[in-house]
1. Might you check whether a residue that is touching a residue at least 24 places away in the same chain (Cβ under 8 Å), part of a loop (DSSP other than H, G, I, E, B) and within 14 Å of another protein chain (Cβ to nearest Cβ) occurs anywhere in the range A:42-50?
2. Out of (1) crowded, with 16+ Cβ neighbours inside 10 Å; (2) away from chain B (no Cβ under 14 Å); (3) closer than 23 Å to residue B:83 by Cα, the odd one out for residue A:54 is which?
3. Filter the range A:77-94 down to residues that are more than 9 Å from chain B (Cβ to nearest Cβ), without any contact (Cβ under 8 Å) to a residue 60 or more places away in the chain and in contact with a helix residue (DSSP H, G or I) (Cβ under 7 Å, 6 or more places away or on another chain), then give me how many there are.
4. In the range A:57-76, which residues are within 14 Å of chain B (Cβ to nearest Cβ) and free of Cβ contacts under 8 Å to residues at least 12 places away in the same chain?
5. If residue A:55 meets every condition in (1) touching a helix residue (DSSP H, G or I) at 6+ places or on another chain (Cβ under 7 Å); (2) part of a helix (DSSP H, G or I) apart from one, which number is that one?
């Protein structure tokens, strides 16, 4: 993958992860599962280091936090998104584990 | 691994994870890193499914919560231990990923 291709992929991952975060606690929409699977598979097949996944999470939470502060609202609820990250890491980890076990 | 051996291993893992949780935010002790590495390596080599790791976490948090309630204290601070779980899952996931990449 060229540097430019990597940047495009990371931007796509960030966009998908943003969608996951925004909808994680509010939607019963089945497309959320589709987005989570798409994100996890893309990270897996591109062999993205886990710290980069955490960086995407942190950057988005930071963005959301700034937005909430601009609106004069508390950003305390953002802590709940740690559950989303746990969910994503658990699925990703299980994908790697099962691909070795096979 | 026999069923009895698996039970012994899970009890050892739970004991190590309890030590990690209790000391995670309070110690600067280098043995904490040792416990984290020991726990992650044991999970990796025994090929423990990730949902079982999360179960160990949930069981311990539940135990701590009950203890705090018995003492009439708030268990709100226990939510911070999600960071510990994220840390553990991230390291475990990276161990699996790198073992495939090699």
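Here, each number is a calculation from the coordinates, and none is a lab measurement. Because the structure is predicted, anything quoted here is derived from the model rather than measured. All Cβ positions, even for glycine, are placed from backbone atoms using ideal geometry, and neighbour counts span all protein chains on display.
1. Looking only at the range A:42-50, we keep the residues that are touching a residue at least 24 places away in the same chain (Cβ under 8 Å), and these are A:42-44, A:46, A:48, A:50.
Those still in the list that are part of a loop (DSSP other than H, G, I, E, B) too: A:46, A:48.
Now narrow it down to the ones that are within 14 Å of another protein chain (Cβ to nearest Cβ): A:46, A:48.
Yes: the range A:42-50 contains one or more residues that are touching a residue at least 24 places away in the same chain (Cβ under 8 Å), part of a loop (DSSP other than H, G, I, E, B) and within 14 Å of another protein chain (Cβ to nearest Cβ).
2. So residue A:54 meets the others, but not (2).
3. 1
4. The first filter runs over the range A:57-76 and keeps only residues within 14 Å of chain B (Cβ to nearest Cβ), leaving A:57-58, A:61, A:76.
Across the range A:57-76, the qualifying residues are A:58, A:76.
5. Residue A:55 satisfies all of (1) touching a helix residue (DSSP H, G or I) at 6+ places or on another chain (Cβ under 7 Å); (2) part of a helix (DSSP H, G or I) except (1).
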